[in-house]
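Computed from the coordinates by the stated procedures, all read-outs in this text should not be read as laboratory data. Not measured: the values here are computed from a predicted model. Note that each Cβ is placed from the backbone with ideal geometry, even for glycine, and that neighbours are counted across all protein chains shown.
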Amino acid sequence: MSDPKPITIRKHRFYEHPPEDVWTAITDPHALAEWFEPNNHEATTGHTFQFRCDPGICGSGITHAEVLESDAPCKLVWSWRAEPRKPGQTPHKPMTITWTLEARDNGTLLTLEHSGAEHIGWMTRNMMRVGWGYMMKRLIPRVLTNVHEGAFTPGAIPLSKRTYKCRTVPPEYVR
């Protein structure tokens with residue numbers, strides 16, 4: 001059986017913020033925790049980390065990741081593999097998340113490319129497509145209101161208003 005046709009989810013969004021501030025919004029672990037999920041991210045090539053939230057319909061709530069490339073404030077690439085929901089299930093092949101930041105007219109064009117999506121089910125893939133769009137359109141702009149000169153101040157999205165639950169997440173991940 002041959003490999004399925006490659007599928008990449010692509011999203012673009014312009015922000016009226018400098019690339020350094022958008023970089024902070026996608027790399028600072030506190031900022032990431034507000035618009036995405038609790039994590040132990042560092043924007044250092046080779047750093048392995050996890051995103052953590054309570055288990056849900058898409059998996060165990062644990063995503064294993066590694067920073068494959070970090071070129072501040074231009075490009076960030078992660079390897080990404082969600083842990084299966086049930087013990088003993090075969091994990092999906094790793095996917096790649098690429099963030100590209102391009103300075104444009106008093107702001108930044110942020111491009112997301114989520115490749116390797118052919119290895120996940122169509123429902124999960126469509127939920128990711130919608131989720132990435134929602135985060136880039138609604139949540140990252142909220143986080144950017146708390147980024148000034150490359151520094152993030154927590155509190156843009158209170159824990160009770162985030163898109164995930166973290167009752168079972170180790171305290172060191174919850175910010």
Placing unit charges on C-beta atoms (Lys and Arg positive, Asp and Glu negative, everything else neutral), compute the dipole magnitude of the chain about its Cα centre in debye, rounded to 20. 940 debye
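What does the convex hull of the Cα atoms come to per residue for segment 130-172, in Å³? The partial results should precede the final answer.
Details: hull volume 4.3 nm³, N = 43.
For segment 130-172, the hull spanned by Cα atoms encloses 100 Å³ per residue.
Lys86 to Lys11: FRET efficiency via 1/(1 + (r/R0)^6), r the Cβ-Cβ distance, R0 35 Å, to the nearest 0.05?
On the way: r = 30 Å, r/R0 = 0.85.
After rounding to 0.05, the efficiency reads 0.70.
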Please state the relative contact order of the chain as a whole percent: Cα pairs under 8 Å, 6+ residues apart? 30 percent
Amide H contacts of His17 (H built 1.01 Å from N, under 5 Å, at least 5 apart or other chain): Thr108
Suppose every K and R has +1 on its Cβ and every D and E has -1 on its Cβ; what is the size of the dipole of segment 53-149 about the Cα centre, in Debye to the nearest 20? 460 debye
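Using only the Cα atoms, work out Rg/Rh for segment 31-124, with Rh taken as the Kirkwood radius, to two decimals. Let's see the in-between values first.
On the way: Rg = 14.4 Å, Rh = 14.4 Å.
Across segment 31-124, the Cα-based Rg/Rh ratio is 1.00.
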Is the shape of segment 101-175 best called rounded, prolate or oblate, per the rule: a/c under 1.5 gives rounded, else a/b larger than b/c gives prolate, else oblate, with a ≥ b ≥ c the square roots of the Cα gyration tensor eigenvalues? oblate
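Counting only helical runs of four or more DSSP H residues, what would the 222 nm mean residue ellipticity of the chain come to if each run contributes -39,500 (n - 2.57) and the total is spread over all its residues?
Numbers: 4 runs with 34 residues, N = 175.
Helices in the chain give a 222 nm mean residue ellipticity of -5500 deg cm²/dmol.
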Distance between segment 7-54 and segment 120-173 - C-alpha centres, whole angstrom: 9 Å
Starting from a Cα-only point model with no solvent, please compute log10 I(q)/I(0) by Debye for the chain at q = 0.09, 0.14, 0.16 1/Å. -0.30, -0.74, -0.98
Simple spin-label estimate for Trp122/Tyr164, 7 Å along Cα→Cβ, in nm, reads 2.8 nm
